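See structure below.
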Amino acid sequence: MNSPAEPTARAADPAARYRVRTQPWYRPVGAEVEQFEAAWGARMPMMLKGPTGCGKSRFVEYMAWRLERPLVTVACNEDMTAADLVGRFLLDRDGTRWQDGPLTLAARIGAICYLDEVVEARQDTVVVIHPLTDHRRVLPLDKKGELVEAHPDFQLVISYNPGYQSLMKALKPSTRQRFGALDFDYPDAEAEAEVVAHEGGVPAELAARLVQVAARSRNLKGHGLDEGISTRLLVYAATLIARGIPAPEACRIALVRPLTDDPDMREALDAAVATFFA
């Protein structure tokens, strides 16, 4: 239940509701933390590239906490318009009022604005970020007749999965070259088992066997599977096991069935599960 002081605090600090108050658990796999900190220090827009469920969103959340910055997250989709990002006029009982979109809000309050799976958005929508990603650091609100100058602490971060790119869903060179980039992938087996054990609440030995199942599936990428089992799905399976679901059943529910409907692929993945969880 919210305390009476919370609405007052939020009114005084519009960024309060977007602050990451508790430390997200993130296991670094390289120098990505230091590299991102350097990019934020330069206010360089950043692009995170990697497969589904490998930790990109958790990394951004962790960095927002570490840098003590608010985090405004937007899940991009093909129906998203420029107005969904920058804002629009709304009608209410008192007349017409302007409502900032998440991008405008983040620019005003000095937040990290995270556009998740940005290639899902239409290209005519994505171009609205351009003035914020060069020396200008401004956002024109044409409908309102306002030019928003980004807060000194504002940073734009985008992510996408290169494995799903196509000619219809690809960033224009004029957009790509406005960003620095960090490559993400699934961690090595030892690090991934550590993540699964911590997040799923299972012993390290069991987590290591789940990671071995994932490795088998990733070898099938491009040979019947678009993507292998993600770290996120491994955590789901571990969570079910920790709650009493037998490991083979948990693997079928969280690893095999979400990944494919192809009977042959399911049989191959079920066989991999049986190898490690007889």
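The values are calculated or read from the model by the stated rules, or taken from the named source; none is laboratory data. Everything quoted here is computed from the prediction, not taken from an experiment. When we count neighbours, we look across all protein chains shown, and the Cβ atoms used for this are built from the backbone with ideal geometry, even at glycine.
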So SER230, is it buried (at least 16 other Cβ atoms within 10 Å of the Cβ), touching a Gly at 6+ places or on another chain (Cβ under 6 Å), outside the structural domain of PHE59 (by TED's automatic domain parsing) and closer than 21 Å to PHE59 by Cα = yes
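Please go through the range 128-152 and pick out each residue that is among the β-branched types (Val, Ile, Thr) and more than 17 Å from ARG88 (Cα to Cα). Steps first, answer last, please.
Quick first cut of the range 128-152, residues among the β-branched types (Val, Ile, Thr) only: 128-129, 133, 138, 148.
THR133, VAL138, listed by residue number.
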message = With the structure loaded, tell me whether ARG209 is modelled with pLDDT of 95 or more and more than 17 Å from PHE276 (Cα to Cα) or whether it fails that test.
response = no
query = Can you pull out the residues in the range 88-104 that are out of contact with any Gly (no Cβ under 8 Å at 6 or more places or on another chain) and closer than 23 Å to VAL157 by Cα?
reply = PRO102, LEU103
request  = Test VAL33 against the criterion of being modelled with pLDDT under 95 and closer than 30 Å to ALA197 by Cβ, and give yes or no.
outcome  = no
inquiry  = Regarding the range 115-123, can at least one residue be identified that is in contact with a helix residue (DSSP H, G or I) (Cβ under 7 Å, 6 or more places away or on another chain), assigned by TED's automatic domain parsing to the domain that holds ALA15 and within 22 Å of HIS151 (Cβ to Cβ)?
reply    = yes
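Run down ARG218, ARG178 and say which single residue is charged (D, E, K, R), outside the structural domain of LYS56 (by TED's automatic domain parsing) and under 29 Å from MET46 (Cβ atoms).
On the way: ARG178 fails: outside the structural domain of LYS56 (by TED's automatic domain parsing).
Just one listed residue meets the conditions, ARG218.
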query = Does HIS151 satisfy the condition of being assigned to a loop (DSSP other than H, G, I, E, B) and farther than 27 Å from TYR26 by Cβ?
reply = no
query = Could you list, in sequence order, the residues of the range 29-76 that are of a type outside the set (Gly, Ala, Ser) and assigned to a strand (DSSP E or B)?
reply = MET46, MET47, LEU48, LYS49, LEU71, VAL72, THR73, VAL74
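Taking the condition among the small types (Gly, Ala, Ser), touching a strand residue (DSSP E or B) at 6+ places or on another chain (Cβ under 9 Å), over 30 Å from ARG216 (Cβ atoms) and at pLDDT 95 or above, does ALA181 pass? Can you show your working first?
On the way: among the small types (Gly, Ala, Ser): yes; touching a strand residue (DSSP E or B) at 6+ places or on another chain (Cβ under 9 Å): yes; over 30 Å from ARG216 (Cβ atoms): no; at pLDDT 95 or above: yes.
So ALA181 fails the test.
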ask   = Any idea which residue in the range 217-227 is surrounded by the most Cβ atoms within 10 Å (Cβ to Cβ), counting only those that are closer than 20 Å to GLY50 by Cβ and out of contact with any Ser or Thr (no Cβ under 8 Å at 6 or more places or on another chain)?
value = SER217
task = Answer with yes or no whether ARG108 is within 18 Å of MET80 (Cα to Cα) and either loosely packed, with under 14 Cβ neighbours inside 10 Å or among the basic types (Lys, Arg) (or both).
result = no
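Is it the case, given these coordinates, that ASP79 is at pLDDT below 95, assigned by TED's automatic domain parsing to the domain that holds CYS113 and of a type outside the set (Ser, Thr, Tyr)? Walk me through it before giving the result.
Numbers: at pLDDT below 95: yes; assigned by TED's automatic domain parsing to the domain that holds CYS113: yes; of a type outside the set (Ser, Thr, Tyr): yes.
So ASP79 passes the test.
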